[in-house]
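*Asks:* Have a look at this one before I ask anything.
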Amino acid sequence: MNLRTCFLLSTVIAASVACTPAPTSPTDAGVADGNDGAVVDDVPPVDVQVPPPGPFQPTDPRLRRLTRAQYTNAIRDVFDETLIVPRSLEPDKRPEGSSSIGGTETTISQRGTEQYQDAAYDLAEQILRNPTRRARYVTCTAAGVRDDACAGTFLRTIGRKLWRRPVTDAELATLVAISGRAAEALMDFHRGLEFGLSALLQSPNFLFREEMGTVRGVERRYERYELASRLSFFLWNGPPDDALLDAAEMDQLQGDSLATQVDRMLQSPKLRRGLEAFVTDWLRLDELDFIARDATLFPSFGADFGPSAREEVLRTISWIVLEQNADFRDVLTTRESFVNRRLASIYGVTFPSRGAGPNQFERITYSPTQPRQGILGMAAFLALEAHPTSTSPTLRGKYVRELILCEAVPPPPVGVNTAIPEPNPNARTLRERLQVHQEVTTCRGCHRFLDNIGLGFENFDALGRFRREDNGAVIDPSGFIDTTPFADPSSMAQALRNHPGFPRCVVNRLYRHAWGFKEEEAQREEIERLSRSFAQDGFHLRGLLRTIALGEAFRRARAIEIPPLPPLPIPDGGAPDAQSDAGRDASATDAGATDANNTDSSADAGTEADR
Amino acid sequence: MKPLSRRTILRGTVGGLAVAIGLPWLEAMTGSTRRARADGSFPKRFGVWFFGNGVIPEQWTPAAEGSAWQPSSLMMPLSAIKEHLCVVTGTRVNTLNTTPHGSGPAGLFSGDSLSGSEFTQGSSFRAATFDQRIAEAVGGDTRFRSLETAVQPAQYGIAHAGPNMRLPIEPDPRRLFNRIFGEGFRAPGEMTMPDPRLSLRRSVLDAVAGQSRTLAARVGVEDRRRLDAHFTAVRAIEQQIARLESNPPNLASCRRPDMPPESIPDVMGRPDMRTKSRIMSELLAMAMACDASRVFFHMYSQPVNNTLFPSATSGHHQLTHDEGGAQPQVAMILRYIMEDFATFITTLSRVQEGDETLLDHTLVMLTTDCSFGRTHSVDEYPMIFAGGRSHGLRRNTHLRARGENASKVSLTLMQMMGLRVAEFGIGAGRVTEPLAGMTT
């Protein structure tokens, strides 16, 4: 067993029973009859000896593209909340369920470039054509159609906020020239400025977070402006504010003054936004926008169902973490929740306020005799992991295994017959119909692993409504997690809360969220440190955020090679494999472009030390 | 004459020099391909029409081969367009089949296995999909290199412009309309004054491209690849704006379609796939007819979609797994999808281009994410080709290619679009020869 495997098992605490990946063949030829020999049976308990971790080794510094939410937050933070931020932007990517990891991998496609361009002009118009906003952000009075000094003042101030670092003189000169030329062509100073602002917004310096670190000995370290961005996107899911940028400028992001800044950030209302970004990724709440339900079976389903269900989870977790400062594990067992009228009708609870709109949420408290508790008793999870007309114990079990306990579940083997019997006198409930998956050797390894958890939620239908019967037969909501039996959803929630895998899983997902990388063995030390600290601190998430933000590891990056940039390739005059010759720039001018860039680069080099 | 470089001019403008903005230099720059094609020929187009969740192979494969073929029971809705079709059966995706609904498209379109374990927003392809390689070759002449569209509101597409570069898709007819036929679009004969803002926008893009290069000098090799993609994209948008400034092509069939409704209401609480598919078909047909783009990837429904089709008792994906026997409901859904595909093909065939039709000049590939939806098999991969008379597609035939590597089909299609490529795929997905029998 190599170290990597060891480590993966170590993250799967108490993986005494697991379904192992089905062997795969290059093709599924010959297995279509369902007899592929990939027998996945009960796996005997594994006694994993995990060696102590080696010293933490940092990952490569990477550009991180803003997520859609970060783009929106940046605009609202730099300008104001009332701006309408276009929503048609390059989509996020969520490898391992993390848009943060996605941000270190994604680029900007042609369509995305087009969308960012449209958004930039739309925003520039909203900002510079509205008299109130214009007066707020353009503080000088232009001396004429073209006033480079006034344009420069605006672009330098806004540019520092949008690019999260000072705009260099060379960069500013380009932006001012664009604005001036546009002002002359359109005979209007502010119309011209729209083009300069739009250039700031379309720039890779805005759309990507440049966190490359500064060489310090054998490593790189995130310092000053880069550390400011790292902190603010981690804790606030948005850009640094002026105070943080000022601290970066004065090189105060270290020692006690760093702690002061982090503590200030942890008390800011923006922390809720950061928490929600993590929770949305972790619990896959973004997918709630895409669920569909049969309207005849579920008349209480509507377009606002998904957003309402998501809001309930976000509000409840924010309440526990930010208002109550309670043990984070309570998110699985809390009897408090926040519902609007739509959710109240689905849950069959009385909505406190009369005449409330769909955006009005009220805190409710379930009595101990009610079956609903924690985030796994909420419509978000129950509906997300269900089909348009029926529940899915398998999907629900998979969600618990993967997202609550961070256990790996392989995809089903290829070439198996997945049909289940229609309801019949011998098998009325879904539990009885799914029994076949617990018996066939090919299926039972994983289905016991998943379904014995998922069947515990059968009292909740595909929308999350409570029910006692399925096809006229009384539902049996009992099951077991590994070797721990439970009688109903409440006792399951309690068992999951006390499962050692749960807090470790939260730490693991938060690590990925903060760093933008999937952990490897070389980073295990930090994860173990965070896990110990989380437990010793009574599982307070705000404390864990602080431990991460102030940790040495958060500031360290691997020393990577940054070779000189090769010149742009010179096309050979025609597309070798194409019918057409369009789409290629003529070669003669690229040398000129390189010259211009070199000028920029040297200007930047002069300020590199300031960063 | 060597085309005039746009770069030369833009460099002057960025420096703040007053440069006369006008059309003549643009025409010199864009060359002749965009204007009336002197020989009266029409561009060759290529598109994918994709649906999720596979088929039922036993009911899919036609009994007879060659020109004696008759549509199978699942293909009955295609009877009226039979003469335009080339049904290819028997090929298989040879790359690893590890990920249900994801491994098939990855192997077929990129020639490599999927990276990532689950085909969701997380996983992506290790190489560009072949439709994008075609777009790279032939898309430079048009405003949009390619169009990625959908009927079912999809979370993720299949087309990749490169490794990890999954392209966003447009499932909203109104937004697609605005993008192609909205601001800046001019139908033949409509002359408006060129908008001075267009050239200003290009000067902004030129600065953005410069920033991308400058940033690239400060980052590692992996990030440079990402910024290079961005740089290339910015350059392409500059070119797209240049197209807007030039005269529209002289394609007689081009007209501005009716503006689609803002939203398409559900019918009995279920999505109205039929109406939306019809509208998207018309928009795509006109986008081709106006030469706004020559390549499309149209995703009727996405892999693993659980769409509630009319009179089905469960979602599509769930039925493919849970329904027993001959799966009559799944078959009903597949015939419904084929009806919509037939409508799409008919829409293309109604656009006259010279003595032929838009369909004759468009090679359409219908395919899905696996062979048998129930088992996720990728053997006997379902594919139908339509149109493509000018590409030399052998039509009104059933080509049985038992055991052939599906990558051969991908290679054949690239070659039919004029690409000079001799191989496609990696490892088990690699082929060095086309599939025999697809062309006349």
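*Asks:* Taking each residue of B:161-169 in turn, how many C-beta atoms of other protein chains fall within 10 Å of its C-beta, and what is the average?
*Replies:* Counting other chains' Cβ atoms within 10 Å and averaging over B:161-169 gives 5.
*Asks:* In debye to the nearest 20, how big a dipole does the protein assembly as shown give about its Cα centre with +1 on each Lys and Arg Cβ and -1 on each Asp and Glu Cβ?
*Replies:* 1240
*Asks:* Going 7 Å from the Cα of B:Ser73 in the Cα-to-Cβ direction, what parts of region B:334-365 have a backbone nitrogen less than 19 Å from that spot?
*Replies:* Residues B:334-339 qualify, since their backbone N sits under 19 Å from the label point.
*Asks:* To continue, here is another question. What's the exposure ranking of A:Lys161, A:Lys93, going from fewest to most Cβ atoms within 10 Å?
*Replies:* A:Lys161, A:Lys93
*Asks:* For region A:218-275, what is the relative contact order in percent, using Cα pairs closer than 8 Å and at least 6 residues apart in sequence?
*Replies:* 42
*Asks:* Further, regarding this structure: Once both labels are modelled 7 Å past Cα along the beta-carbon direction, what's the A:Arg134-A:Ser345 spacing in nm?
*Replies:* The two pseudo-label positions are separated by 4.6 nm.
*Asks:* Stretched out fully, how many nm does the piece from A:Leu297 to A:Gln57 gain, at 0.36 nm a residue minus the Cα gap?
*Replies:* Roughly 81.0 nm would be gained on extension.
*Asks:* Can you give the Rg/Rh ratio of region A:64-209, where Rg is from the C-alpha atoms and Rh is the Kirkwood radius?
*Replies:* Taking Rg over the Kirkwood Rh, I get 0.99.
*Asks:* Using label points projected 7 Å from each Cα along Cα→Cβ, tell me how many nm separate B:Arg389 and A:Asp304, to one decimal.
*Replies:* Simple spin-label model gives 5.5 nm for this pair.
*Asks:* Also: Count the net charge of all other residues whose Cβ sits under 10 Å from the Cβ of A:Ala182, scoring Lys and Arg as +1 and Asp and Glu as -1.
*Replies:* +2
*Asks:* Using 5 Å bins from zero, what percent of all Cα-Cα pairs in region A:260-400 falls into each bin?
*Replies:* Calculated over all Cα pairs of region A:260-400, the distribution is 2, 9, 18, 22, 21, 15, 7, 4, 2, 1, 0, 0 percent.
*Asks:* On to the next question. Figure the gain on full extension for A:Val474 and A:Arg532 (residue separation times 0.36 nm, minus the Cα-Cα span) and round it to one decimal in nm.
*Replies:* 16.5 nm
*Asks:* If you count the DSSP beta bridges with both ends in the protein assembly as shown, what percent of them are antiparallel, to the nearest 5?
*Replies:* 65
*Asks:* Which whole-number percentage describes the relative contact order of chain B, with Cα contacts under 8 Å and a sequence gap of 6 or more?
*Replies:* 30
*Asks:* With only alpha-carbon pairs counted, each pair once and no self-pairs, how large is the Kirkwood hydrodynamic radius of region A:107-178 in angstroms?
*Replies:* For region A:107-178, inverting the mean 1/r across all distinct Cα pairs yields 13.6 Å.
*Asks:* Moving on to the next point. Relative contact order, percent, of chain A when contacts are C-alpha pairs under 8 Å separated by at least 6 residues?
*Replies:* 20
*Asks:* Find which of A:His190, A:Tyr225, B:Gly403 sits farthest along the positive direction of the dipole of the protein assembly as shown, computed with +1 on the beta-carbon of Lys and Arg, -1 on that of Asp and Glu, about the Cα centre.
*Replies:* Among A:His190, A:Tyr225, B:Gly403, the one farthest towards the positive end of the dipole of the protein assembly as shown is A:His190.
*Asks:* Using C-alpha positions alone, give me the convex hull volume of chain A per residue in cubic angstrom.
*Replies:* 213
*Asks:* If Lys and Arg each add +1 and Asp and Glu each add -1, what is the summed charge of the other residues whose beta carbon sits under 15 Å from the beta carbon of A:Glu105?
*Replies:* +4
*Asks:* I need the semi-axes of the equivalent ellipsoid of region A:278-497: take the C-alpha gyration tensor, multiply each eigenvalue by 5, square-root it, list largest first in whole angstrom.
*Replies:* Semi-axes from the Cα gyration tensor: 29, 20, 16 Å.
*Asks:* Summarise the long-distance tail of P(r) for region A:218-275 by giving the % of C-alpha pairs beyond 20 Å.
*Replies:* 18
*Asks:* What's the FRET efficiency of A:Ser353 with A:Arg467 using the Cβ-Cβ distance as r and R₀ = 30 Å, to the nearest 0.05?
*Replies:* 0.65
*Asks:* A follow-up question, please. Lysine pairs in chain A 8 or more apart or on different chains: how many have alpha carbons under 22 angstrom apart?
*Replies:* Final tally of qualifying lysine pairs is 4.
*Asks:* Output wanted: per-residue J couplings in Hz (rounded whole) for region B:209-220, from phi through Karplus 6.51 cos²θ - 1.76 cosθ + 1.60, θ = phi - 60°, x for Gly and Pro.
*Replies:* So the J values, rounded to whole Hz, are 4, x, 5, 5, 5, 5, 4, 4, 5, 9, 10, x.
*Asks:* If you take the beta carbon distance between A:Glu336 and B:Glu83 as r and set R0 to 41 Å, what does 1/(1 + (r/R0)^6) give as a FRET efficiency, to the nearest 0.05?
*Replies:* 0.05
*Asks:* Still on this structure, please answer the following. Using all alpha carbons of region A:426-499, what is the percent of pairwise distances in each 10 Å bin, ordered from the shortest bin to the longest?
*Replies:* Taking every Cα pair in region A:426-499, the percentages come to 20, 48, 30, 2.
*Asks:* Something else: To the nearest µm²/s, what D does Stokes-Einstein give for chain B at 37 °C and 0.692 mPa s, using the Kirkwood radius over alpha carbon pairs as Rh?
*Replies:* For the chosen part, D equals 144 µm²/s.
*Asks:* Taking a quarter of the surface of the convex hull around the Cα atoms of region B:285-440, what do you get in nm²?
*Replies:* 10.9
*Asks:* Apply the Karplus curve 6.51 cos²θ - 1.76 cosθ + 1.60, θ = phi - 60°, to the phi angles in region B:155-168 and return the couplings in whole Hz, x for Gly and Pro.
*Replies:* Karplus-based 3J(HN,Hα) across region B:155-168 equals 8, 8, x, 10, 4, 10, 7, x, x, 6, 10, 6, 8, x Hz.
*Asks:* Sticking with this structure for a sec: Exposure proxy check: A:Cys406, A:Cys446 ranked by fewest other beta carbons within 10 Å?
*Replies:* Arranged by neighbour count, lowest to highest, A:Cys406, A:Cys446 become A:Cys406, A:Cys446.
*Asks:* May I pose another question? Test of the criteria: in region A:397-471, which trypsin sites (Lys or Arg not before Pro) are in a DSSP loop and have at most 14 other Cβ atoms within 10 angstrom of their Cβ?
*Replies:* A:Arg467, A:Arg468
*Asks:* Quick one: B:Arg294, A:Arg136, A:Arg272, A:Arg372, fewest Cβ neighbours within 10 Å first, how do they rank?
*Replies:* A:Arg136, A:Arg272, A:Arg372, B:Arg294
*Asks:* Taking the radius of gyration and the Kirkwood hydrodynamic radius from Cα positions alone, what is the Rg/Rh ratio for the protein assembly as shown, to two decimal places?
*Replies:* Rounded to two decimals, Rg/Rh equals 0.96.
*Asks:* Along the principal axes of its C-alpha atoms, what lengths does region A:305-379 span, in descending order and rounded to whole Å?
*Replies:* For region A:305-379, the Cα extents along the three principal axes come out at 34, 26, 20 Å.
*Asks:* Under a point spin-label approximation (7 Å from Cα along Cα-to-Cβ), what is the A:Ala408-B:Glu58 distance to one decimal in nm?
*Replies:* So the label points at A:Ala408 and B:Glu58 sit 3.6 nm apart.
*Asks:* I would also like to ask the following. Subtracting the Cα-Cα distance from 0.36 nm times the residue separation, let me have the gained length for A:Glu81 to A:Glu561 in nm, one decimal.
*Replies:* Length gained, A:Glu81 through A:Glu561: 168.7 nm.
The numbers here are math on the coordinates, done by the rules we state, and not lab data. Since the model is a prediction, treat every value here as computed from it, not as a measurement. Cβ sites come from the backbone with ideal geometry, for glycine too, and all protein chains shown count toward neighbours.
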